[in-house]
Amino acid sequence: MVVLENPALEHLPLVNLHAKQTPSFSGIPTIDLSRPNAAALLVRACEDLGFFKVIGHGVPQDVMSRLEAAAVDFFSRPLADKERAAGVANPVGYGSKKIGPNGDVGWVEYLLMQVKGGGRGAEPVSALLKQQGAEELCSVLEAYLWTVRRLACRMLELMAEGLGVPQRDAFSRLVADEESDCMFRLNHYPPCPPLQGMPGCGLTGFGEHTDPQVISLLRSNNTSGLQISLRDGSWVPVPPDQSSFFVNVGDSMQVLTNGRFRSVRHRVLANTSKPRFSMIYFGGPPPRERLAPIPGLMGEGEESLYREFTWSEYKKAAYTTRLADNRLGQFERW
Ligand code: GA4
């Protein structure tokens, strides 16, 4: 079993496992992309929760399990090897427990990569990995990123259709461009030792946050831990499903839809018995792209809730914040 170096459990954030439950919550919506009603269901899920599960997605099981196996193999290497192979995260590279530059920590180790051209490669981390003998990880990454980017575009097109936006690629073009600023993250949450003398407390794997990008596509092994926050502030667990994708709306999409779609807060709790592995594709726009509500979506006299900004401005601002901060707050107009 891999144990993170220098655990220092007492310095990691805890969560109250007995927090209030929402009795009316009817579960995570599951959307079959091969069904004709997918566009309408996607829109409803993005408006209600900002989160849904996708089946009928067309990503071959083999690509998903090969990437998982390569990730398991990578994380099983000694710490110094992982740091050498990917570089120490800043922000891309290999990171252990430290998330972002502003003091956030979690019971997690990860590999964070920049994805050039909307999914055509994960340079420069992937070049480094190749030199260090992680060829299988590199080659399967390429196949995975290619299919997952296609899936992201397909869902974004369906969302535009479901919203009645005349331009089919109004959202998808943002993540499909040569210049699109996408990222990819492999996370490993080792099982954490039970917390002595602290009943009702769980250890944070990845603290609560919203994703800054347009859309995020997550796939994990069959270990629980992911939770999403509902509008009333309560947290609900997301039952794991290794053959499906979990999708969340990001801050940029909330802006593009003038608040109709909800950028959902989510977090991961460490599991006491099983390791969790997750892989997340973050579809982001080109740096110079101006983020503002899509004109075709605005009602008569409706004004933007946000002042205009570019993705590069937003990303820069995001890196000055803590994970749990409300990043869009400083861009709201009222
Ligand atoms: C959250 C979503 C993605 O994982 C990420 C994260 C990024 C990082 O880990 O470097 C950030 C975080 C994320 C939001 C606020 C800043 C930046 C850590 C952090 C404290 C890769 C992203 O794009 O934003």
*Could you work out how far apart the two model spin labels at T22 and R84 are, taking each label as a point 7 Å from the Cα in the direction of the beta carbon, and quote it in nm?*
4.8
*What is the extension gain from M198 to R35, computed as 0.36 nm multiplied by their sequence separation minus the C-alpha to C-alpha distance, in nm to one decimal?*
54.0 nm
*Determine, for S34, S139, S244, the number of other Cβ atoms within 10 Å of each Cβ, and report the residues in order from fewest to most.*
S34, S139, S244
*Efficiency by 1/(1 + (r/R0)^6): what FRET value for T272 and S243, r their Cβ-Cβ distance, R0 = 22 Å, to the nearest 0.05?*
0.35
*Name the lysines eligible as straight-distance cross-link partners of K316: C-alpha to C-alpha under 24 Å, and not fewer than 8 places from it in the same chain.*
K97, K98, K116
_Under 5 Å between amide hydrogens, which residues at least 5 positions from G50 or on another chain qualify, with H placed 1.01 Å from N in the peptide plane?_
R262
*Relative contact order for the chain using alpha-carbon pairs under 8 Å, separation at least 6, rounded to a whole percent?*
21
*Working from Cα positions, state the angle (0 to 90°, nearest 10) between the long axis of helix 61-75 and the longest principal axis of the chain.*
40
*Want the number for L305 to R154: 0.36 nm per residue separation, take away the alpha-carbon distance, what's left?*
51.7 nm
_Need the list of lysines near K53 for cross-linking: C-alpha distance under 25 angstrom, and skip anything on the same chain fewer than eight residues off._
K20, K274
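Read-outs throughout are calculated quantities, based only on the coordinates presented, and are distinct from any laboratory measurement. Remember, predicted model here, so these are calculated numbers, not experimental data. All Cβ positions, glycine included, derive from the backbone under ideal geometry; neighbour counts span all protein chains shown.
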